[in-house]
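Down below is the structure, laid out as structure tokens.
The values are calculated or read from the model by the stated rules, or taken from the named source; none is laboratory data. Quick caveat, the model's predicted, so the values are computed rather than measured. Note that we place each Cβ from the backbone using ideal geometry, even for glycine, and neighbour counts take in every protein chain shown. Surface areas here come from the heavy atoms of the whole protein model, side chains and all, with no ligands, DNA or RNA. Shrake-Rupley method; radii C 1.70, N 1.55, O 1.52, S 1.80 Å.
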Amino acid sequence: MKELTVEVDAAEIGLDSERLKRVDACLADYVADGRLPGWLLTVRRHGHLAHVARCGSRDLEAGLPVTDDTVWRIYSMTKPITSVAAMMLYEEGRFALSDPVSAFIPSFGDIRVYDGGSDLKQVTVPAVEPVRIWHLLTHTAGLTYGFHRVHPVDALYRAAGFEWGTPRGADLARSCDLWAGLPLLFQPGTEWNYSVATDVLGRVVEVASGQRLDEFFADRIFRPLGMTGTAFWADPAAQPRLAALYTPGPDGKAARLDALGRGALREPLMLGGGGGLVSTAGDYDRFTQMLLHRPGSPAGELDGIRLLSPRTVAYMARNHLPGGVDLETFGRPLFAEAPFRGVGFGLGFAVLIDPVPGKVLGSAGELSWGGAASTAFWIDREADLTVSFFTQLLPSSAHPIRQQLRQLVYQALTD
């Protein structure tokens, strides 16, 4: 087992070790009262792993503890990896961000947009402009998720077999064709809605590169970065380390969710660039380090291996929502709430515009996202800080863990 080892005295890099204990104590309470099965946290600053904490079980029923090599379903923390893959191809001139998606997926050439009615009978109109690659990277394409359950088009996705899975026998190419046959929620580029857009982007990566998505990830990202525990499923060698998946039970305590969790035990037909990966804390720590720019180590590179230009990473890290607005202003009602106030969206992850409107500590320019099973990460370029958190409780909205993590990690900074 590859251990996560603290590399420096926290005080030497502007962290108070006693205050860091507050983070651990808060999170430990979630395990003590049964709300979480277990968790693992890493805090890295100035290039050094400064704090590692772990608590509880990766499998409550089997009595197996969280270990440094525990394998976690990272769900939507797959999206930044797919976005990096796409931007690597962008740097090779394989496409322009303004290119229509139909140049790679022809079924997107005749898109209709919802204009009224119900999920049983819709009124649709033609799209006034094509869905473009930048729309996929920013979730402004007009696509959606079936599990949102707030719009008639969400119901159409569920009826087509897309909620927490895909229709039987549908691979990524077929799924994209099915999504293209459903109406968009809105005209491309006019609103923000969290969606299967990154899965569609994964198909663009396949077509533009001539490789399957899993092959591209392995050849161009995972092996170069040493992310040996990251894949689209937990193979037989990794399965003993795979954490069980849980959801809040009627009593508020974590209840096992094998019906969904066991999907990670099988090699998938559908390679979901929007949420299909499993990974380890050590692997994802390396990915976030590659994206962080610090003196002497420009963004886009790790240990002498460069995936992206620093300028490309900086461009991805800008707020790409039209007019520089935040998600509360530009997003669908589902996202017009406190965690999205003052938060914009770049090419593949959220970008903190201003921490004041959301009433949570942070730094302008911070990059972040999380996964459906309550995993989370952020990259603070101003503070030269990365934080990653892993657990397996679905949905991520069950507890305010992400906000608490920020307030508790930032109160431990001493400079």
Please list the non-local residues whose amide H lies under 5 Å from the amide H of Val71, H modeled 1.01 Å from N, same-chain partners needing a gap of 5 or more.
Leu242, Ala243
Highest GNM mean-square fluctuation among Gly273, Gly117, Gly261, for the chain with Cα springs under 10 Å, belongs to Gly117
Using the Karplus equation 6.51 cos²θ - 1.76 cosθ + 1.60 (θ = phi - 60°), what ³J(HN,Hα) coupling, rounded to whole Hz, does each residue of region 227-243 give in order, writing x for Gly and Pro?
8, 6, x, 10, 6, 7, 6, 8, 5, x, 5, 8, 4, x, 9, 6, 5
Rounded to one decimal in nm, the spacing of the 7 Å Cα→Cβ label points at Ser107 and Ala32 is 5.2 nm
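Once the Cβ-Cβ distance between Glu267 and Glu163 is put in as r, and R0 is 22 Å, what FRET efficiency do you end up with, to the nearest 0.05?
Working: r = 21 Å, r/R0 = 0.97.
Once the sixth-power term is evaluated, E becomes 0.55.
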Specify which residue in the list Met87, Cys55, Leu137 is farthest towards the positive end of the charge dipole of region 48-144, using unit charges on the beta carbon of Lys, Arg (+1) and Asp, Glu (-1), about the Cα centre.
Cys55
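Run the numbers for Ala96 and Leu260: contour at 0.36 nm per residue of separation, minus the present Cα-Cα distance, in nm.
Numbers: separation 164, 0.36 × 164 = 59.04 nm, distance 3.70 nm.
Stretched fully, the Ala96-Leu260 segment lengthens by 55.3 nm.
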Taking the Cβ of Gly344 as the centre, find all other residues whose Cβ is under 13 Å away and add up their charges (Lys, Arg: +1; Asp, Glu: -1).
-2
Once the Cβ-Cβ distance between Ser118 and Thr190 is put in as r, and R0 is 25 Å, what FRET efficiency do you end up with, to the nearest 0.05?
0.70
Just Ala11, Ala243, Ala364 to compare: in a GNM of the chain, with alpha carbon springs under 10 Å, which one fluctuates most?
Ala11
Theoretical FRET efficiency, 1/(1+(r/R0)^6), r = Cβ-Cβ of Thr414 and Val325, R0 45 Å, to 0.05:
0.85
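Let me spell out the model: positive unit charges on the Cβ of Lys and Arg, negative unit charges on the Cβ of Asp and Glu, origin at the Cα centre of the chain. What dipole size does that give, in debye rounded to 20?
460 debye
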Rg/Rh for region 261-300: what does it come to with C-alpha atoms and Rh from Kirkwood?
1.17
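When the chain is fully extended, how far beyond the present Cα-Cα distance does Ile305 get from Arg174, taking 0.36 nm per residue of separation? Show your work: numbers first, answer last.
Working: separation 131, 0.36 × 131 = 47.16 nm, distance 3.44 nm.
Fully extending the segment from Ile305 to Arg174 adds 43.7 nm.
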Return the sequence-ordered ³J(HN,Hα) values of region 81-89 in whole Hz as given by the Karplus equation 6.51 cos²θ - 1.76 cosθ + 1.60 applied to θ = phi - 60°, using x for Gly and Pro.
5, 4, 5, 4, 4, 4, 6, 5, 6
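Largest first and in whole Å, what are the equivalent-ellipsoid semi-axes of region 101-161 based on the Cα gyration tensor, each being the root of 5 times an eigenvalue? Don't skip to the answer; put the middle values down first.
Working: eigenvalues 87, 39, 23 Å².
After diagonalising the Cα gyration tensor, the semi-axes are 21, 14, 11 Å.
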Over all pairs of different Cα atoms in region 202-283, the reciprocal of the mean inverse distance gives a Kirkwood radius in Å of 14.2 Å
What percent of all Cα-Cα pairs in region 307-415 falls in each 10 Å bin, counting up from 0?
14, 47, 33, 6
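Would you mind getting the accessible area per residue of region 241-335, heavy atoms of the protein chains only, 1.4 Å probe, in Å²? Could the numbers behind the result be given before it?
On the way: 4080 Å² over 95 residues.
That works out to 43 Å² for each residue.
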Over its Cα atoms, what ratio of radius of gyration to 2.2 N^0.38 Å does region 270-365 give?
1.23
Cα principal axis extents for the chain, largest first, Å
59, 47, 41
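For region 19-137, what does the equivalent ellipsoid look like in terms of its semi-axes, each the square root of 5 times an eigenvalue of the Cα gyration tensor, given largest first in whole Å? Before the final figure, lay out each step's value.
Values: eigenvalues 381, 106, 35 Å².
Each semi-axis is √(5λ); the values are 44, 23, 13 Å.
Which value in Å is the Kirkwood Rh of region 88-234 over different Cα pairs?
Details: mean 1/r = 0.0624 Å⁻¹.
Final number for the Kirkwood radius of region 88-234 is 16.0 Å.
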What part of the accessible area of region 1-134, given as a whole %, is carbon or sulfur when the probe is 1.4 angstrom?
50 percent
Expected unfolding gain across Thr228-Ser397 under the 0.36 nm per residue rule, minus the alpha-carbon gap, is 57.9 nm
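Would you kindly state the longest site-free stretch of the chain, with sites defined as GluC sites (Glu not before Pro) in a DSSP loop (not H, G, I, E, B) surrounded by at most 13 other Cβ atoms within 10 Å? Could the numbers behind the result be given before it?
Details: sites that count: Glu3, Glu7, Glu61, Glu92, Glu337, Glu382.
The longest uninterrupted stretch comes out as 93-336.
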Can you give the net charge of the other residues whose Cβ lies under 12 Å from the Cβ of Ala141, counting K and R as +1 and D and E as -1?
-2
In whole Å, how far is the Cα centre of region 102-153 from that of region 237-299?
28 Å
